There are 2 protein chains.
Amino acid sequence: MTLEGKLLIGQQAIKGKQIEIRAINPATDETLTPAYLGAGKEEVDQACALAEAAYGTYRETSKEDRAMFLETIASEIEAIGDDLIERGMAETGLPRARLEGERGRTCGQLRLFASVVRAGEWLDVRIDPALPERQPMPRVDLRQRHIALGPVAVFGASNFPLAFSVAGGDTASALAAGCPVVVKGHSAHPGTSELVGRAIQRAVAKCELPEGVFSLLFGSGNEIGQALVADPRIQAVGFTGSRRGGTALMQTAQSRPQPIPVYAEMSSINPVFLLPEALKAHGQALAEGFVASLTMGAGQFCTNPGLLIGLAGPELEAFVDAAGEAVKDSSAQTMLTPGIHAAYQDGVGMLSAHDKVRQIARGLSVDGPHKCRAALFVTRGADFLADEALQAEVFGASALVVECADSEELRRVADQLEGQLTATLQMDDGDQALARQLLPTLERKAGRILANGWPTGVEVCHAMVHGGPYPATSDSRTTSVGSAAIQRFLRPVCYQNLPERLLPEALKDGNPLTVSRLVDGKREK
Amino acid sequence: MTLEGKLLIGQQAIKGKQIEIRAINPATDETLTPAYLGAGKEEVDQACALAEAAYGTYRETSKEDRAMFLETIASEIEAIGDDLIERGMAETGLPRARLEGERGRTCGQLRLFASVVRAGEWLDVRIDPALPERQPMPRVDLRQRHIALGPVAVFGASNFPLAFSVAGGDTASALAAGCPVVVKGHSAHPGTSELVGRAIQRAVAKCELPEGVFSLLFGSGNEIGQALVADPRIQAVGFTGSRRGGTALMQTAQSRPQPIPVYAEMSSINPVFLLPEALKAHGQALAEGFVASLTMGAGQFCTNPGLLIGLAGPELEAFVDAAGEAVKDSSAQTMLTPGIHAAYQDGVGMLSAHDKVRQIARGLSVDGPHKCRAALFVTRGADFLADEALQAEVFGASALVVECADSEELRRVADQLEGQLTATLQMDDGDQALARQLLPTLERKAGRILANGWPTGVEVCHAMVHGGPYPATSDSRTTSVGSAAIQRFLRPVCYQNLPERLLPEALKDGNPLTVSRLVDGKREK
């Protein structure tokens, strides 16, 4: 398939007029064609106007039509074939297997949301029938359903060019909720974005939906993203990226005449607690598992284990030694972008130069640009507690081990953590008492708590929470992965005494959509 | 019961040290005793420290214990007896029947939340069991429940001294969710607040809960409220009041190092569409019903019908004439506070002086301070569309009728409305086509849509939405009335492969709490 370097606005492909973006192959530093000229205010306006025009029809599509649309997007992405994988590899430096897996995840995610749309739990139907005889006052008939918020702006992330990008989780969940989507594609992978964007365009046409259901814009710098979030037709924002980028969008969204919700996933160091009995019983295996998780994808996962916390002593020392050996043997991997690599070098440099931090190991050095050499550091609990900067995320395969003097200090470290996507307990049977003490703290700090696993690997399912307290995300009340993400883009509407003929299908007597309903506060069987 | 004029911090009653607040009887302008010395930063800090200390225990109370606590609060409020009604009447000028009804509503609301806690839908339990044989990768065991956000700040509203105040909907739903509450009592009814606050204190003691579950502060000006919202231990805010007050709290909450959600219910003019066939068939009855709703409680309901929209013509004229007659016959009622009365006078004065607005009628004039004389105005659709100021809320019994040239203009008026708590269709069978055209717009504008009723009267039930798009509220995704309000104060946490013994009760195998669960995406029977 030939890339045209164009913006996709509704069913059109339009040449931008602003500064050009060109993908760089981070493995070779080669600049890729075509150039993507950025969108300006005019194109933002066009995309938002189309989204607004599509919203009325799209949000009232039947469950089946909307589910079919999501499934058609998945099929169209698969139909691109190997061109998508090859372009993805060229733009990100990610290996083939990773991108093939990510494509499977992306399409599986779209199909999961199709099943979620069909099941209809998201409608949250509640019916309180009229009670005309009630004393002292009769009760009116009240029925509630959820509707789509309106057009949604989605920002593609750099680290998952498929699963968190143009047709990623934010787009899938917003489309599932009935919201048109305007994507701001990530500048690191415009070609991959165009391919996926055209797949969605084709799905929109095949399903005979209004063209404004989907648009894809590019633009360098922050201007175009800010303009998109400021547009009065946009009603919610999905973002995955840096804390700086996320908080800037939060500010823009809050200073609009009508503030809107921003779902920004930002930063997390994903603490792992190495409890004493687990360390004693299988420290070597833990060290190997840890380094495998740390170095996966050059450490560029939001859930990368960047912080390990244990009790000082021979077992922790043995763990650090073993992990250090594994880090030393780890191959350097190409990072996603020159910018990410530069930030990684800065972060690792800061830790290396820190007078309270010891460097234990660095990974193998390899020729080639933008390579991530894994890094392992150690500090003491007291020093960690004394310096907030040691909690800063180093995006990449760098981790800091915190040696605590005793379990009291370990609990203080837990208590002082910022909000996280995940927190992990490596534990054995004998660690249950300490684990039980830590759990209430970890519940306040993280969206997901793991036992005896590693946080990388985020299952797309119903019970997943990929979220957590600020600054892990801007809104701890939701998840960006899994079926509950659909709730981000919905709001409740109540209908009082509306004639049956005017009621939405979901609320009609006899439950024609056969959805789960709360009737008079009781879950209907 | 003797009022002491004190702040209630945990189980203590403490004299404040800041500027004093004294309630005024708006019916007589008499200053009431005792004086309430305001809280300072020190007392805010104490209340928040106790709330934080209570949070860990309180959020994990059993469903039954928490439900019993809510029911005990209701019983303790009832046990105050007539002292509560009399003090409420003196502080607000509201008639006895209204306050007795409001007490019933407040206690009923607490008991509804007790039943909601017991039912356990709020836990939103989701279980995706492990699939060890799945290819290409096994699935881990993932389980989700919701937990309380943390300590919540609640601001009492002036217009419902019981139902939206110290033990009102925000407090009831936050306590139901497992959040300790720090209330900033409204300065207009400190004595009523103290009585209710002491009832909650007694319930905390009887139920042997940690004292920090509840505190009650007073303070003049905005300083104490801002300090409360800025306190790092506070994790969410409930507010009912003016748009200015609500947006100030939103700004404070957003500029904290850790931003937190604010649920502010602010302003709404509750448009009522008088569709032609309904107007033709029973214009007189509509006029009477309208004025009864308009003047109820001196118009001081958030859902007061402040805007009527119809097609110009003899039927609308007859309606306006009849409504005007009813307004002229309406007695003036004492408003809640001198401040509300002054703002009402300003708002009515602005409309009277507006060169595109005709005054149709004013209510009867009566001696006595702070009386609300109802007011009815008319303007043309084109003029309404041309001047945003005509959408400003006039809190009190003032309404504006908009005469539209045709149904196209009527739809444009609907389209240009700001966010609202409610929108109403007065319709007959022959109006269904027009109603159907309007509904999609009204769904975007309002949280609740009524047919052939009046928006005052907000049922406390499961399907209610008392909310709506900005500026009606700060967050259209929730409701402040009804059982779904519990969701405001919760967030999801996911547990991955946690040993059964460490899992929260709600997530254990065998469903020991017998709650509704989503297992593998399917609602369990």
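When you go through A:Ser483, A:Ser476, A:Ser516 one by one, which is the residue that is open to solvent by 20 Å² or more (accessible area, probe 1.4 Å), among the small types (Gly, Ala, Ser) and under 15 Å from the mean Cα position of the chain (by Cα)?
Criteria check complete, one pass: A:Ser476.
Taking the stated definitions as given, is A:Asp387 out of contact with any helix residue (DSSP H, G or I) (no Cβ under 8 Å at 6 or more places or on another chain), within 24 Å of A:Pro471 (Cβ to Cβ) and touching a residue at least 12 places away in the same chain (Cβ under 8 Å)?
Here the answer is yes, as A:Asp387 does meet what is asked.
If the Cβ limit is 9 Å and pairs must be 6+ apart or interchain, which residue in the range A:506-519 that is more than 13 Å from A:Arg126 (Cβ to Cβ) pairs with which residue that is of a type outside the set (Gly, Ala, Ser) and assigned to a loop (DSSP other than H, G, I, E, B)?
A:Asp509/A:Leu503
Given the conditions (1) touching a helix residue (DSSP H, G or I) at 6+ places or on another chain (Cβ under 7 Å); (2) at the interface with chain A (Cβ under 7 Å from one of its Cβ atoms), and given that B:Asp509 satisfies all but one, which numbered condition is not satisfied?
Here B:Asp509 clears every test but (2).
Return the residue satisfying two criteria in turn: it lies in the range A:341-370 and is out of contact with any helix residue (DSSP H, G or I) (no Cβ under 6 Å at 6 or more places or on another chain) and of a type in the set (Val, Ile, Thr), and of such residues it is least open to solvent (accessible area, probe 1.4 Å).
This residue is A:Val348.
Looking at (1) in contact with a Cys (Cβ under 8 Å, 6 or more places away or on another chain); (2) surrounded by 24 or more Cβ atoms within 10 Å (Cβ to Cβ); (3) of a type in the set (Val, Ile, Thr), which is the one condition that is false for A:Thr422?
(1)
Any chance you could count how many residues in the range B:167-184 are part of a helix (DSSP H, G or I) and open to solvent by less than 10 Å² (accessible area, probe 1.4 Å)?
Matching residues across the range B:167-184 total 8.
Mind telling me which of the residues B:Val378, B:Val402, B:Val413 ends up being more than 14 Å from chain A (Cβ to nearest Cβ) and under 27 Å from A:Leu142 (Cβ atoms)?
Answer to the selection: B:Val413.
What tally of residues in the range A:381-422 results from selecting those that are among the hydroxyl-bearing types (Ser, Thr, Tyr) and closer than 24 Å to B:Arg491 by Cβ?
1
With respect to A:Gly197, is the statement that it is in a helix (DSSP H, G or I), out of contact with any Ser or Thr (no Cβ under 6 Å at 6 or more places or on another chain), within 28 Å of A:Arg491 (Cβ to Cβ) and open to solvent by less than 10 Å² (accessible area, probe 1.4 Å) true?
yes
Pick out the one residue from B:Gln135, B:Gln144, B:Gln109 that is within 14 Å of chain A (Cβ to nearest Cβ), open to solvent by less than 50 Å² (accessible area, probe 1.4 Å) and more than 19 Å from B:Ala506 (Cβ to Cβ).
The conditions single out B:Gln109.
Among the residues of the range A:212-244 satisfying the criterion of being within 26 Å of A:Ala392 (Cα to Cα) and open to solvent by less than 20 Å² (accessible area, probe 1.4 Å), which is farthest from the chain's Cα centre (by Cα)?
Among those residues, the one meeting the criterion is A:Gly225.
What do you reckon, is A:Glu102 among the acidic types (Asp, Glu), under 14 Å from A:Phe160 (Cβ atoms) and either crowded, with 21+ Cβ neighbours inside 10 Å or modelled with pLDDT of 95 or more (or both)?
Criteria met by A:Glu102.
So, A:Thr456, is that one in contact with a Phe, Trp or Tyr (Cβ under 8 Å, 6 or more places away or on another chain), in contact (Cβ under 8 Å) with a residue 40 or more places away in the chain and either among the basic types (Lys, Arg) or under 23 Å from A:Gly238 (Cα atoms) (or both) or not?
In short, yes.
For B:Asp124, which of the numbered conditions (1) open to solvent by less than 20 Å² (accessible area, probe 1.4 Å); (2) at positive phi fails to hold?
(1)
Of everything in the range B:465-488, what is more than 8 Å from chain A (Cβ to nearest Cβ) and not in a loop (DSSP other than H, G, I, E, B)? Give them in sequence order.
Scanning the range B:465-488 gives B:Thr473, B:Ala485, B:Ile486, B:Gln487, B:Arg488.
Name the single residue, out of those in the range A:385-407 being more than 22 Å from A:Trp454 (Cα to Cα) and of a type in the set (A, V, I, L, M, F, W, C), that is surrounded by the most Cβ atoms within 10 Å (Cβ to Cβ).
A:Leu385
Considering (1) open to solvent by 20 Å² or more (accessible area, probe 1.4 Å); (2) facing chain B (nearest Cβ under 9 Å); (3) closer than 30 Å to A:Ile127 by Cβ, say which one A:Leu498 fails and leave the rest.
Status for A:Leu498: all satisfied but (1).
Quick check, is B:Gly363 more than 21 Å from B:Gly283 (Cβ to Cβ), small (Gly, Ala, Ser) and in contact (Cβ under 8 Å) with a residue 12 or more places away in the chain?
Criteria not met by B:Gly363.
With the structure loaded, tell me whether A:Arg491 is in a strand (DSSP E or B), facing chain B (nearest Cβ under 8 Å) and touching a Cys at 6+ places or on another chain (Cβ under 9 Å) or whether it fails that test.
no
I'm trying to understand the selection: among the residues of the range B:425-449, which are open to solvent by 10 Å² or more (accessible area, probe 1.4 Å), hydrophobic (A, V, I, L, M, F, W, C) and within 7 Å of chain A (Cβ to nearest Cβ)?
If the condition is that a residue be open to solvent by 10 Å² or more (accessible area, probe 1.4 Å), hydrophobic (A, V, I, L, M, F, W, C) and within 7 Å of chain A (Cβ to nearest Cβ), then B:Leu439 is the only one that fits.
Of a type in the set (A, V, I, L, M) and over 30 Å from B:Asp45 (Cβ atoms): which single residue out of B:Leu142, B:Leu162 fits that description?
Result of the check over B:Leu142, B:Leu162: B:Leu142.
Tell me the residue from B:Ser220, B:Ser187 that is more than 14 Å from every other protein chain (Cβ to nearest Cβ), assigned to a loop (DSSP other than H, G, I, E, B) and at pLDDT 95 or above, please.
Only one candidate qualifies: B:Ser187.
Against the condition touching a helix residue (DSSP H, G or I) at 6+ places or on another chain (Cβ under 8 Å), away from chain B (no Cβ under 13 Å) and closer than 22 Å to A:Ala264 by Cβ, how does A:Phe395 come out, does it pass?
yes
Residue by residue through the range A:400-424, note down the ones that are part of a strand (DSSP E or B) and within 10 Å of A:Gly310 (Cα to Cα).
A:Val401, A:Val402, A:Glu403, A:Cys404 - these are the residues of the range A:400-424 that are part of a strand (DSSP E or B) and within 10 Å of A:Gly310 (Cα to Cα).
Which one of the conditions (1) modelled with pLDDT of 95 or more; (2) out of contact with any Ser or Thr (no Cβ under 6 Å at 6 or more places or on another chain); (3) not in a helix (DSSP H, G or I) does B:Thr247 fail to meet, given that it meets all the rest?
(3)
The values are calculated or read from the model by the stated rules, or taken from the named source; none is laboratory data. Quick caveat: nothing in here was measured; it's all calculated off a predicted structure. For neighbour counting, all protein chains shown are included, and Cβ atoms are generated from backbone atoms with ideal geometry for every residue, glycine included. The accessibility values were calculated without ligands, DNA or RNA, using every heavy atom of the protein model including side chains. Shrake-Rupley method; radii C 1.70, N 1.55, O 1.52, S 1.80 Å.
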